[in-house]
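One structure is given here, and the rest of the page talks about it.
The values are calculated or read from the model by the stated rules, or taken from the named source; none is laboratory data. Remember, predicted model here, so these are calculated numbers, not experimental data. Counting neighbours? That spans all protein chains shown, and the Cβs are built from the backbone with ideal geometry, glycine included.
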Amino acid sequence: MDADVIVVGAGLAGLVATAELVAAGRRVILLDQESADHLGGQAWWSFGGLFLVDSPEQRRMGIRDSLDLAWQDWLGSAGFDRLDEPDGQDLWALRWARAYVEWAAREKRAWLHERGVRFFPVVGWAERGDGTATGHGNSVPRFHITWGTGPGVVAAFEPVCRAAEADGRLTVLGRHRVTGLVTTGGSVTGVRGQRLAVDGVDRGMASTRSVVGEFELSAQAVVVTSGGIGANLDLVRRYWPERLGTPPEDLVVGVPAYVDGSMLPVVEEAGARLVNRDRMWHYTEGLANHSPVWPRHGIRILPGPSSLWLDATGRRLPAPYYPGFDTLGTLRHLRETGYDWSWFILTRTIIEKEFALSGSEQNPDLTGKSVRQVLGRVRPGAPAPVQRFLDDGEDFVQADTIEQLVARMNALVGSHLLDPDRVAELVRARDRELANDFGKDAQLAAIRAARAYRGDRLIRTAPPHRFLDPGHGPLIAVRLRVLTRKTLGGVQTDLDSRVLGADGTPVPGLYAAGEVAGFGGGGMHGYRSLEGTFLGGCIFSGRAAGRAAAAAVG
Ligand SMILES: Cc1cc2nc3c(=O)[nH]c(=O)nc-3n(C[C@H](O)[C@H](O)[C@H](O)COP(=O)(O)OP(=O)(O)OC[C@H]3O[C@@H](n4cnc5c(N)ncnc54)[C@H](O)[C@@H]3O)c2cc1C
């Protein structure tokens, strides 16, 4: 045997599984198709937002949360509807969901805290939902931003792995691409694949797929932690569900090229059952990155609630499709318009207070743990990364009057889809609703409700104001495209992250965790996410895989 356990994929789930395995005294080989210098996969690029329930940070912000409320929200969002025995695709997903929400309400924060993870004190309110208590969305803010963002999360696990590597318990093999699992007597006993040419590209850039050799390695068990399909647009389009309309032709990509889904057919061939492949989590607020790292690199705006959202033809999106409320509801609505883009219209005041960009590199203050820079968020002026998009982003236009703005919007997309008079009247009508502190515009009511939460008032939601008040100008428009990101379905697993076969029993020797396993069970989110649940899902399922594999090969 070359090792006790082989882990395929050195993203967050793979690092957590490896850390558990070496802590239990097992000899491990950790393989990745990318460089061994760049451990952490997508998590390194992530914003580091984590879903926690009833945390001290929430309580300090005056938020009263509970396991019951979080579970109500989770079920309302997930909409599990594939529960029929014997082969219900949601059977294990539902069990994982419950275990995960309980973990998020109990042990999760303390366990991460022990590993050095700390949080920014203002809890964010992501996915505010569809406007019903039992439907989709977070009833309260739960998005805890890791101090140090994604790299801060990775730092809780990578040093343990590096220490094990230094003393010989772990071998990390970069540029090793797995193309097959080896099965002996019905058990998975190893991996085979191709050695890729060493390529000095920077982290996240697409690397060469030139093959320089082959390899085969043996172990008592294999843990697959190979991520989702978000960069493989062929797969995204193939599994795009009819309920979301047709897939856009013009997509931006929110994940590095290595999120390619290449292990899915490999595990399927070894007997694994793949479920819920039509469930995906893509965003409607994607921008083309002005400085792309990976192909078609898109950045997601994490929007506050005040921008006016128009479809490509200038119609305002209906309630409750406001920025940051209902990701897939908005996506479904926009796909019905027949166009691949939509628009935010906003003011300088709104962009300064409400635009955050997802990704560690777009938040140098939080990623660099600079208190001084973070305090800049409450001062006037746009954060530097947002200003950079205003200056250099291809999707932004600005003007002093609404007529000029619409002319620039039409010029940007090379069409006359937007009627300047109609858009101007929409904006004026919205502004008229501001004559009172109450009124019938549901978006303005939602903005006022958001400001009842101290965190929103402080750094997230601009005071309601007239768009056509020059004191808040210039006016800004942002063209938004669909950005691919997360894969919600995948390999079905039990609560020990054991991979299940077609007959519902474990495939001996095979484990899966993280995004490839739908973050646990083949899709613990069901149809929709409450956000900040992906990193945590990788940690929770990676930990389960590492612990169970360590015990099994004992
Ligand atoms: C910009 C950005 C922001 C995000 N923000 C958040 C956030 O705030 N909160 C949150 O919860 N989630 C967030 N996410 C999502 C989260 O980061 C991912 O879902 C999670 O990190 C996935 O981890 P993973 O270990 O399952 O897979 P990955 O990180 O994708 O790692 C898989 C690894 O497997 C390797 N691999 C794949 N196939 C093979 C093969 N055949 N052979 C060898 N190696 C292979 C890949 O090279 C890769 O290194 C964000 C993601 C991005 C990109």
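Just for segment 1-10: of the residues that are modelled with pLDDT of 95 or more and surrounded by fewer than 24 Cβ atoms within 10 Å (Cβ to Cβ), which one is farthest from the ligand (Cβ to nearest atom)?
Applying the filter and picking the extreme gives ASP4.
Just checking, how many residues over segment 344-359 are polar (S, T, N, Q) and either on the phi > 0 side of the Ramachandran plot or at pLDDT 95 or above (or both)?
2
Which residue out of VAL499, VAL491 is within 16 Å of the ligand (Cβ to nearest atom), crowded, with 24+ Cβ neighbours inside 10 Å and over 21 Å from the mean Cα position of the chain (by Cα)?
Going through VAL499, VAL491 in turn, the sole match is VAL499.
Give the residues of segment 257-267 that are under 19 Å from MET205 (Cβ atoms) and either in contact with a His (Cβ under 6 Å, 6 or more places away or on another chain) or near the ligand (Cβ under 7 Å from one of its atoms) (or both), sorted by residue number.
The answer is TYR258, VAL259, ASP260, SER262.
For the condition touching a strand residue (DSSP E or B) at 6+ places or on another chain (Cβ under 7 Å), crowded, with 18+ Cβ neighbours inside 10 Å and either touching a residue at least 12 places away in the same chain (Cβ under 8 Å) or not hydroxyl-bearing (Ser, Thr, Tyr) (or both), what is the one hit in GLY137, GLY124?
Step by step, each of GLY137, GLY124 is checked, and only GLY124 is touching a strand residue (DSSP E or B) at 6+ places or on another chain (Cβ under 7 Å), crowded, with 18+ Cβ neighbours inside 10 Å and either touching a residue at least 12 places away in the same chain (Cβ under 8 Å) or not hydroxyl-bearing (Ser, Thr, Tyr) (or both).
Being over 21 Å from THR179 (Cα atoms) and more than 12 Å from the ligand (Cβ to nearest atom) is the filter here, so list the residues in segment 11-36 that pass it.
ALA19, GLU20, LEU21, VAL22, ALA23, ALA24, GLY25, ARG26, ARG27
State whether the residues of segment 62-70 include one that is under 21 Å from the mean Cα position of the chain (by Cα) and within 16 Å of the ligand (Cβ to nearest atom).
Yes: one or more hits.
Can ARG237 be described as assigned to a helix (DSSP H, G or I), out of contact with any Asp or Glu (no Cβ under 9 Å at 6 or more places or on another chain) and away from the ligand (no atom under 13 Å from the Cβ)?
yes
Being closer than 16 Å to LEU331 by Cβ, of a type in the set (Val, Ile, Thr) and in contact with a helix residue (DSSP H, G or I) (Cβ under 8 Å, 6 or more places away or on another chain) is the filter here, so list the residues in segment 252-294 that pass it.
Answer for segment 252-294, where residues must be closer than 16 Å to LEU331 by Cβ, of a type in the set (Val, Ile, Thr) and in contact with a helix residue (DSSP H, G or I) (Cβ under 8 Å, 6 or more places away or on another chain): VAL253, THR284.
Go through segment 268-296 and give me each residue that's more than 14 Å from the ligand (Cβ to nearest atom), over 30 Å from VAL222 (Cα atoms) and of a type in the set (A, V, I, L, M).
Correct list: ALA288 only.
Is it the case that segment 199-218 has a residue that's surrounded by 19 or more Cβ atoms within 10 Å (Cβ to Cβ) and in contact with a strand residue (DSSP E or B) (Cβ under 7 Å, 6 or more places away or on another chain)?
yes
The conditions are (1) at positive phi; (2) within 16 Å of the ligand (Cβ to nearest atom), and SER46 fails exactly one of them. Which is it?
Answer for SER46: the failing condition is (1).
Here are GLY204, GLY213: which of them is assigned to a strand (DSSP E or B), within 16 Å of the ligand (Cβ to nearest atom) and among the small types (Gly, Ala, Ser)?
Answer to the selection: GLY213.
Cβ contacts < 6 Å: first residue farther than 24 Å from GLY186 by Cβ and in contact (Cβ under 8 Å) with a residue 12 or more places away in the chain, restricted to segment 210-230; second residue crowded, with 24+ Cβ neighbours inside 10 Å and of a type in the set (Ser, Thr, Tyr), any location; separation 6+ or different chain. Result?
GLY228/THR487; ILE229/THR487; GLY230/THR484
GLY324: buried (at least 22 other Cβ atoms within 10 Å of the Cβ), at positive phi, within 16 Å of the ligand (Cβ to nearest atom) and at pLDDT 95 or above, yes or no?
Spelling it out, GLY324 is indeed buried (at least 22 other Cβ atoms within 10 Å of the Cβ), at positive phi, within 16 Å of the ligand (Cβ to nearest atom) and at pLDDT 95 or above.
When you go through ARG479, ARG485 one by one, which is the residue that is within 30 Å of TRP294 (Cα to Cα) and within 16 Å of the ligand (Cβ to nearest atom)?
The match here is ARG485.
Among the residues of segment 9-28, which ones are closer than 14 Å to CYS538 by Cβ and not acidic (Asp, Glu)?
GLY9, ALA10, GLY11, LEU12, ALA13, GLY14, LEU15, VAL16, ALA17, THR18, ALA19
When you go through ALA549, ALA513, ALA544 one by one, which is the residue that is within 16 Å of the ligand (Cβ to nearest atom), within 17 Å of ASN276 (Cα to Cα) and of a type in the set (A, V, I, L, M, F, W, C)?
ALA513
At least 2 residues that are β-branched (Val, Ile, Thr) in each: list the strands (runs of 3 or more DSSP E) lying fully within segment 95-196 that qualify.
Passing ranges, in order: 170-173, 176-184, 187-196.
Please find, within segment 355-403, the residue that is nearest to the ligand (Cβ to nearest atom) out of those that are over 26 Å from the mean Cα position of the chain (by Cα) and surrounded by 21 or more Cβ atoms within 10 Å (Cβ to Cβ).
Out of the qualifying residues, it is VAL397.
Considering only residues that are within 13 Å of the ligand (Cβ to nearest atom) and under 13 Å from VAL267 (Cα atoms), which ones fall in segment 177-192?
VAL178, THR179, GLY180, LEU181, VAL191, ARG192
Residues in segment 448-473 that are over 28 Å from the mean Cα position of the chain (by Cα) and either surrounded by fewer than 16 Cβ atoms within 10 Å (Cβ to Cβ) or of a type in the set (A, V, I, L, M, F, W, C) (or both): how many?
7
Does LEU302 qualify as being assigned to a strand (DSSP E or B), of a type in the set (A, V, I, L, M) and within 14 Å of the ligand (Cβ to nearest atom)?
yes
Determine which single condition THR246 fails, assuming it passes every other condition in (1) within 21 Å of the chain's Cα centre (by Cα); (2) among the hydroxyl-bearing types (Ser, Thr, Tyr); (3) outside any strand (DSSP E or B).
For THR246, the exception is condition (1).
Tell me, which helices (runs of 4 or more DSSP H) lie completely within segment 356-462 with 2 or more residues that are farther than 22 Å from PRO141 by Cβ?
Output list reads 371-375, 384-392, 402-413, 420-432.
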